Amino acid sequence: MILYAGITALTMALAWTAAGRSRLARTGGSAKRPWMSRRQAFDLFCLTALFVILTGLAALRVDVGNDYGKYVETFHEIYAGTDPAYVVTEPGFNFVVKAVYTLWGGENYLLVFALFAAATVFVFLKAMYDQSAWFAGSFALFMLLGLYFRTFTTVRYYFALALALYGLRYAWTKQYGKFVLLICFGALFHKSVLAVLPLYVLASLPWKGWMTAAGCVLAAGIFFFRQPVLELALLLYPTYQDTVYLTADVGIAANLSGILRCLTVFLLALSCRKEGFPQGGQNRFFLKLNLLGLLLYTCGSFLPLVSRLAYYAITPQILLVPGLIASLQNPKKKRLVFGAAAFFALIYFVWFLYTAPGGGIRILPYQTWVFTKKVWINGADFF
């Protein structure tokens, strides 16, 4: 717990020094002007440090994450050429595992975890740096809301989630061709990301007041058709049939933390309504996704692992909240809203660390293969 708190404080301090609005691109103008300014070079240094620290912590772990052992077993089955009907992981993921093991000349699951850690951290950092109105605020929420630490579990899902966050730019600007291609690529690693195709496109469309109200009523009506909707979900995800997932993580109480997050964001948006939502601004797009996430958590609470679908809708909160705070012009109001958001985020972080050793996450205690005599490479050695 102390390690996670220390890493969070260190990386937030680094992010605070980086200019979130600037781009790491060549500057235009005279040929005599340096291709990278000192400010941009310093930003690059800070971002590189963030990448190294976050990737290193994830790559050096062993048996940290609720499904770490299951993944090691899956890696072995993929490499051994087990019947594809039995190995239910997606083809892109299978290809990467097979390629890494083949190039290594044997099983090295540590290398696979490290590779996905690096890719996931890079895409998250790139998405926040390019799209956030205030990079330091977005990064702080990335850490305090536990999003980074959750990447230690279900590595396929969180890589797909990072790609979905990066793809927001294409959905918002209605570059649907690029958006569909990116999401289809993500589906090669976790097919649940296909859910963002209707979610993000719907949020990118102009909404009228009556349309929002009608949509909420329609979503509430799903309760009367729960069984057909559940059967459709199991048709799309047959691996959940006759499993504990049909009873675990189901119901309003099981999704209460996500619901409270959505409601808190709505309160923040209400306080920033005059300045935070200019015509055509992306904050409005993010707020629509927050509403869709709330509807999934509540009206779809009977679905197994509905939080995975809802997370695609609420993860843009790490862009929305800093964007709303940055939009405020009154310094006193900005400090007040910032303080309230920081207080909520800190409380959430404490709660997250308290629940981190539990089932479903199990990222505490942190263990590493460094400074140990045992060689953590072969899958057989792990078991």
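Quick note: the coordinates plus some simple rules give every number you see, no bench work behind them. Source: prediction; values computed, not measured. Cβ coordinates were reconstructed from backbone atoms using ideal geometry, including for glycine residues, and neighbour counts include every protein chain displayed.
Checking understanding here: applying a Kyte-Doolittle mean of at least -0.5 and a length along the axis of at least 24 Å (C-alpha), which whole DSSP H helices in the chain pass?
38-59, 109-131, 282-299, 331-355
Send over the per residue convex hull volume for the chain, Cα only, as a whole number of Å³.
Output value, Cα hull per residue: 168 Å³.
Sequence-distant or interchain residues sharing an amide H contact under 5 Å with residue 368, placed H: which?
For residue 368, the qualifying residues are 62.
So what is the orientation-averaged projected area of the range 206-329, using the convex hull of its C-alpha atoms, in nm²?
Dividing the Cα hull surface by four gives the mean projection, 8.2 nm².
Mind scanning 126/334; 191/288; 98/191; 178/332; 98/178; 174/333 and naming the pairs with a C-alpha gap bigger than 30 Å?
178/332; 174/333
Mind ranking 290-297, 317-324, 50-57 by how tightly packed they are, going by the mean number of other C-beta atoms within 10 angstrom, highest first? Provide the component values of the computation, followed by the final result.
Numbers: 290-297: 23.1, 317-324: 26.1, 50-57: 18.0.
Those peptides, ordered most packed to least, come out 317-324, 290-297, 50-57.
What is the fewest-to-most order of 129, 354, 170, 158 by other Cβ atoms lying within 10 Å of their Cβ?
On the way: 129 22, 354 11, 170 19, 158 25.
Lowest count first: 354, 170, 129, 158.
Determine, for each peptide in 73-80, 221-228, the mean count of other beta carbons within 10 angstrom over its residues, then list the peptides with the highest first.
Result, highest mean Cβ count within 10 Å first: 73-80, 221-228.
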